[in-house]
Amino acid sequence: MTAVAIDPATGSLVIGGAKVFPIGLSEAPRSDGQTRDGRNAWAEVSSAGANLVRSGLREWNLQQVDAQIAAERARMDAAAAHGMYCWPRLGNAGNLPAAQGSIEEQLLLKIANGLKSHAALGAYKGVDEPAWGGVLAAGLTRARTKLRTIDTDHPVVITQAPLGSAQSLTPYRPAFDITGADIYPVAYPPGQHSDLPNKDISVVGDVTKKMVSAAGTKPVWMTLQIAWSGITTNQQRPALVPRFPTLQEERFMAYQAIVNGARGLIFFGGQLTQVMRPRDAQLGWNWTFWDQVLRPLLVELTSPSVLPALTAPVPQAAVTASAADVELTARRSGSVLHVIAVRRGGATSRVTFSGLPPKQSGAPLTAGQVMFEYTQDPLPPPIQPDKQQFRFVTVANGSFKDWFGPHDVHVYRFNLA
């Protein structure tokens, strides 16, 4: 069994002593599926940085539960073979009535006893969107409490719909170890998935902040869009137009969620064959979106240039931006300070960042690099040339300037050694 804990300083998962930023697929392709070029599907997604797959059942059956658990363990075997973890649904076993010995309780104990020892168990998924579905917190809390009598080594995650106030979601705190929300703003018309007035894709940050407030001191994972029901057509809704996030939009939404406190990201909708290209539909997963959007983003997020920032604590020193519509987080990992900044919208302008600390020696900081933005010009000292040749910014008196357009993202790295 691999124990999974939560790092209190960062909200990251701790697995085998290492901090992990969860990047999940919901739903993932079949474990025995193939890409368009015939590669194993899970080998492909794990190679780009996905480390978590949603699994399990919405409806567990007491007469069939042993076979269902065996099938889930086989799926976990496949995940372990590719260095990934599973996030099985508790489904109907995640909401316990007050009476002892219910069918739901029997299922929950069977599931926990059957899965807790598997090395690829990452976390349990509680009832999905319970507040929107009218599921009271009491039954979910009873489920978590009962689960803890069997398995204390794996957290329970409850994902809410992007609806309601933080105050209305606060009663669910005792029911989870990690919470979050799904938010899918890309559609025609835009912004129909949330009840917030902001219809721009920057609503992702607004929902993230709301969930951080609702979570208290517990971590937040945000579920972002590949596709969702609001872009799928059927006989009742033939006028809907499938629309997917572009790479720029998905990158902005991912980093904006991180800036506003997300400590994990889940990507939903790759399995919706109704809106795929025919070749992808035959394979059962949206490999076109994967190749064009999600793979490049995950490769960036899990790169040695960016990943340390995702599992690092937020430092006490405040870095600020001169533009009110620029959101940022500054995080230190060892001797490296990362500043992740996103512009919600507005106009294009040059933004001033202030409050950068000096080097550890007390010498002034003079330059930094911008991750995944390339230049072939010689880099200034003390930055040493590397294989990336990332663009640099000049720092003076703890400040630097850079251009930002609407929905721009820049990830800066400063060496304080």
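Residues considered: Arg331, Arg343. Of these, the only one that is modelled with pLDDT of 95 or more, basic (Lys, Arg) and closer than 14 Å to Phe414 by Cβ is Arg331.
Condition first: more than 12 Å from Gly261 (Cα to Cα) and of a type in the set (D, E, K, R). Can you find one or more residues in region 211-226 that meet it? Taking every residue of region 211-226 in turn, none turns out to be more than 12 Å from Gly261 (Cα to Cα) and of a type in the set (D, E, K, R).
To keep it simple, each residue is scored yes or no on (1) under 20 Å from Ala330 (Cα atoms); (2) in contact with a Ser or Thr (Cβ under 6 Å, 6 or more places away or on another chain); (3) open to solvent by 20 Å² or more (accessible area, probe 1.4 Å).
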| residue | (1), (2), (3) |
| --- | --- |
| Met222 | yes, yes, no |
| Gln225 | no, no, no |
| Ser229 | no, no, yes |
| Arg243 | no, no, yes |
| Thr246 | no, no, yes |
| Glu249 | no, no, yes |
| Phe252 | yes, no, no |
| Tyr255 | yes, no, no |
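Could you run through region 395-411 and say how many residues are assigned to a loop (DSSP other than H, G, I, E, B) and of a type in the set (Asp, Glu)? Residues meeting the conditions: 1.
Being at pLDDT 95 or above, more than 29 Å from Val53 (Cα to Cα) and in contact with a strand residue (DSSP E or B) (Cβ under 7 Å, 6 or more places away or on another chain) narrows it down to one residue among Val306, Val319; which is it?
None of the others qualify; the one that does is Val319.
When the test is whether a residue is open to solvent by 60 Å² or more (accessible area, probe 1.4 Å), under 29 Å from Val212 (Cβ atoms), of a type outside the set (S, T, N, Q) and in contact with a helix residue (DSSP H, G or I) (Cβ under 7 Å, 6 or more places away or on another chain), Arg30 does not pass it. Selection over region 326-343 of residues that are touching a Phe, Trp or Tyr at 6+ places or on another chain (Cβ under 9 Å) and not aliphatic (A, V, I, L, M) gives a count of 2. Evaluating Ser335 against the criteria (1) closer than 18 Å to Ser303 by Cα; (2) free of Cβ contacts under 8 Å to residues at least 60 places away in the same chain; (3) among the polar types (S, T, N, Q); (4) out of contact with any helix residue (DSSP H, G or I) (no Cβ under 7 Å at 6 or more places or on another chain) leaves one unmet condition, (2).
Residues that are open to solvent by less than 60 Å² (accessible area, probe 1.4 Å) and not aliphatic (A, V, I, L, M) within region 48-70 comprise Gly49, Asn51, Arg54, Ser55, Gly56, Trp60, Asn61, Gln68, listed in sequence order. Filtering region 221-235 to residues that are part of a loop (DSSP other than H, G, I, E, B) and modelled with pLDDT of 85 or more leaves Ile226, Ala227, Trp228.
Return the residues of region 156-171 that are open to solvent by less than 20 Å² (accessible area, probe 1.4 Å) and touching a Gly at 6+ places or on another chain (Cβ under 9 Å); say none if nothing qualifies. Val156, Val157, Ile158, Thr159, Gln160, Ala161 - these are the residues of region 156-171 that are open to solvent by less than 20 Å² (accessible area, probe 1.4 Å) and touching a Gly at 6+ places or on another chain (Cβ under 9 Å).
Those helices (runs of 4 or more DSSP H) of region 114-195 in which at least 1 residues are without any contact (Cβ under 8 Å) to a residue 40 or more places away in the chain and in contact with a strand residue (DSSP E or B) (Cβ under 8 Å, 6 or more places away or on another chain), considering only elements entirely within it, cover 130-133, 137-148.
One line per residue, one yes/no per condition, for (1) under 27 Å from the mean Cα position of the chain (by Cα); (2) over 23 Å from Leu298 (Cβ atoms):
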position: Thr35; (1), (2): yes, no
position: Asn61; (1), (2): no, yes
position: Val65; (1), (2): no, yes
position: Gly94; (1), (2): yes, yes
position: Pro97; (1), (2): no, yes
position: Leu107; (1), (2): no, yes
position: Ile111; (1), (2): yes, yes
position: Leu115; (1), (2): yes, yes
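Scanning region 71-88 for residues that are closer than 16 Å to Lys110 by Cβ, surrounded by fewer than 23 Cβ atoms within 10 Å (Cβ to Cβ) and without any contact (Cβ under 8 Å) to a residue 40 or more places away in the chain yields one hit, Ala71. When you look at Val351, is it of a type in the set (Val, Ile, Thr) and either assigned to a strand (DSSP E or B) or out of contact with any helix residue (DSSP H, G or I) (no Cβ under 6 Å at 6 or more places or on another chain) (or both), yes or no? Criteria met by Val351. Filtered by the rule that a residue be part of a helix (DSSP H, G or I) and open to solvent by 10 Å² or more (accessible area, probe 1.4 Å), region 205-220 gives Asp206, Lys209, Lys210, Val212, Ser213. Look at region 31-53: where a residue is closer than 19 Å to Pro88 by Cα and in contact (Cβ under 8 Å) with a residue 24 or more places away in the chain and a partner is surrounded by 17 or more Cβ atoms within 10 Å (Cβ to Cβ) and of a type in the set (Phe, Trp, Tyr), sitting 6+ places away or on another chain with Cβ atoms under 6 Å, you get Ser31/Trp42; Leu52/Tyr85; Leu52/Trp87. In the set (1) open to solvent by 50 Å² or more (accessible area, probe 1.4 Å); (2) within 19 Å of the chain's Cα centre (by Cα), the condition left unmet by Ala181 is number (1).
The values are calculated or read from the model by the stated rules, or taken from the named source; none is laboratory data. Because the structure is predicted, anything quoted here is derived from the model rather than measured. Positions of Cβ are backbone-derived with ideal geometry, glycine not excepted, and every protein chain shown enters the neighbour counts. When the accessible area is computed, the model is the full protein with side chains, heavy atoms only, and any ligands, DNA or RNA have been set aside. Shrake-Rupley method; radii C 1.70, N 1.55, O 1.52, S 1.80 Å.
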